[in-house]
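Asks: Quick one: the structure is below, and I'll ask about it shortly.
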Amino acid sequence: MGQEVSVSYQAVKSKVYKLIDAMVEDMKSQGDVQESVKRWWKLIHPADRPIARKYLVSVLQKSNATLEAITDGLGVFQEFEGGVDPVTIKPQRMSGSSQIATSM
């Protein structure tokens with residue numbers, strides 16, 4: 001199997017944030033991110049996958065809640081009114097994201 005990766009909460013969170021940053025910086029596409037997650041998942045020892053899945057789902061849920069809170073809050077700010085429609089910038093669900101979590 002080669003090298004294995006850490007499945008601590010901090011390591012999983014770091015992996016997710018690096019992938020988010022890569023998409024924000026236009027260094028990776030959605031497909032690139034999905035492929036990266038697949039490669040990362042294969043490096044996790046099968047016995048460690050249940051805890052890795054738990055941590056990954058937790059980080060993704062908290063990240064999505066944060067993005068939704070930011071997006072929903074944009075309409076409240078006077079400075080944002082008229083400039084951007086918060087509905088058009090709602091976080092998009094990645095196709096297959098629920099499949100990734102359940103197939104892990």
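The values are calculated or read from the model by the stated rules, or taken from the named source; none is laboratory data. As the structure is a prediction and not an experimental result, all values here were calculated from the model. Methodologically, a virtual Cβ is constructed for each residue, glycine included, from the backbone with ideal geometry; neighbour enumeration extends over all protein chains shown.
Asks: What is the number of the single condition among (1) at pLDDT below 95; (2) in a loop (DSSP other than H, G, I, E, B) that Asp26 does not meet?
Replies: Every condition holds for Asp26 apart from (1).
Asks: Right, another one. If Gly83 passes every condition in (1) surrounded by fewer than 13 Cβ atoms within 10 Å (Cβ to Cβ); (2) at pLDDT 95 or above but one, which one does it miss?
Replies: If we test Gly83 against (1) surrounded by fewer than 13 Cβ atoms within 10 Å (Cβ to Cβ); (2) at pLDDT 95 or above, just (2) comes out false.
Asks: Taking the stated definitions as given, is Glu68 of a type in the set (D, E, K, R), surrounded by fewer than 16 Cβ atoms within 10 Å (Cβ to Cβ) and modelled with pLDDT of 95 or more?
Replies: So Glu68 does not fit the description; no.
Asks: Name the pairs whose Cβ atoms lie under 6 Å apart, with the first residue in the range 42-63 and over 23 Å from Gln3 (Cα atoms) and part of a helix (DSSP H, G or I), the second at pLDDT 95 or above and not hydrophobic (A, V, I, L, M, F, W, C), and 6 or more positions between them or separate chains?
Replies: Final answer for the pair search is Val59/Lys13.
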